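Encoded as structure tokens, the structure appears first; notes follow it.
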């Protein structure tokens, strides 16, 4: 009997399996995936054993992490419903799938943690938003859940009504950051900086700037102002970013992301 079981070992499931194995011990984690090749790869990388099917995983764990895409969620819940017990806790990381949707597919008394992690979990720099169903969780269970979500980065607890916004803030946004890094690197490659060094310059700067926000507690606007010397290069660049709509583009991206999350919630 393992502590954690995972259904799904894709781009998001894999880093969580890796973190759980490192934190709780590989013997306390089992998983499965639709791809046999993926199962072998993840087991080789993490030391965590894989099982042959979804029901085998459910029978072997207390905390069941559903790391499957929203469009396959209902199908998976129907497969495993008969194996779910009152002692289990379901952790869902599917965007747009509500706690009520899961309860409707399983049972009213199913205990659920809805979560939205992100891919930087692969390097233990993940950020996760979570919410609990309105059920009883023991202090010991909450300690295990805390250790799990802390094992690959940071997490914050929210009301469920905010979870679609959490998707925008951390679930999808790494893609925008990668686009920014790529664009910044491309722009200086045009001036002659080698591409590998351009990526290092841009990525390390993003990492450092983010660390400044987290570690100093200063408002991002103030930190921005600290870089902008009067009449200097940075304020000239900031002016150009404002003229070309950087803030508006990000807010429009968030609106599109939020609308899609709501659509997934309605479709169930």
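Relative to a virtual label point 7 Å from the Cα of residue 214 in the Cα→beta-carbon direction, which members of segment 178-203 show backbone nitrogen distances below 17 Å?
178, 203
Normalized C-alpha radius of gyration of segment 119-268, against 2.2 N^0.38 Å?
On the way: Rg = 18.9 Å, N = 150, 2.2 N^0.38 = 14.8 Å.
For segment 119-268, the normalised Cα radius of gyration is 1.28.
Would you please give the FRET efficiency between residue 138 and residue 79, computed as 1/(1 + (r/R0)^6) with r the Cβ-Cβ distance and R0 = 41 Å, to the nearest 0.05?
0.90
Show me the ranking of peptides 183-194, 51-62, 21-32 by mean Cβ neighbours inside 10 Å, starting with the highest.
21-32, 51-62, 183-194
Cα-based Rg (one decimal) and Dmax (whole number) for the chain, in Å?
20.9, 68
To test your reading of the geometry: what angle, between 0 and 90 degrees and rounded to tens, separates the Cα axis of helix 36-46 from the longest principal axis of the chain?
Here the helix axis deviates by roughly 70 degrees.
To make sure I understand, if each residue's beta carbon is the centre and we count other beta carbons within 10 Å, what order do 41, 155 fall in, fewest to most?
Ascending number of Cβ neighbours within 10 Å: 41, 155.
Take every DSSP beta bridge whose two residues both sit in the chain, then give the antiparallel share in percent to the nearest 5.
Expressed as a percentage, antiparallel bridges in the chain total about 15.
Running a GNM on the chain with Cα contacts under 10 Å, which residue among 152, 258, 178 ends up with the highest mean-square fluctuation?
178
In what sequence do 179, 212, 12, 88 fall when counting other Cβ within 10 Å, fewest first?
179, 212, 88, 12
Output the relative contact order of segment 170-268, whole-number percent, from Cα pairs under 8 angstrom with separation of 6+ residues.
15 percent
If R0 is 41 Å, what FRET efficiency do you get for residue 235 and residue 72 from their C-beta distance, rounded to 0.05?
0.25
According to the Cα gyration tensor, what semi-axes, each the square root of 5 times an eigenvalue, does the equivalent ellipsoid of segment 14-154 have, listed from largest to smallest in whole Å?
21, 18, 15
One-quarter of the Cα convex hull surface for segment 130-203, in nm²?
Here the figure is 6.4 nm², rounded to one decimal.
With everything on Cα atoms, drop me the angle between helix 246-267 and the longest principal axis of the chain, reported from 0 to 90° to the nearest 10.
It works out to around 20 degrees.
Mind giving me the nanometre distance, one decimal, between the label points for residue 247 and residue 87, set 7 Å out from Cα along Cα→Cβ?
Going by the 7 Å Cα→Cβ label model, 5.5 nm.
At R0 = 25 Å, how high is the FRET efficiency between residue 157 and residue 108 if r is their beta carbon distance? Nearest 0.05 is fine. Intermediate results must be reported in sequence, preceding the final value.
Numbers: r = 22 Å, r/R0 = 0.90.
Calculated value: 0.65.
Measure nothing but the geometry: give the 0 to 90° angle between the long axis through the Cα atoms of 174-189 and the longest principal axis through the Cα atoms of the chain, rounded to 10°.
In the chain, helix 174-189 runs at an angle near 30 degrees to the longest axis.
Counting other beta carbons within 10 Å of each residue's own, what order do 33, 135 fall into, fewest first?
On the way: 33 24, 135 14.
The most exposed by this proxy come first: 135, 33.
All of the numbers you see were taken from the coordinates with simple rules; none came from a lab. Computed from a predicted structure; not experimentally measured. Every residue, glycine as well, gets a Cβ built from its backbone with ideal geometry; the counts of neighbours run over all protein chains shown.
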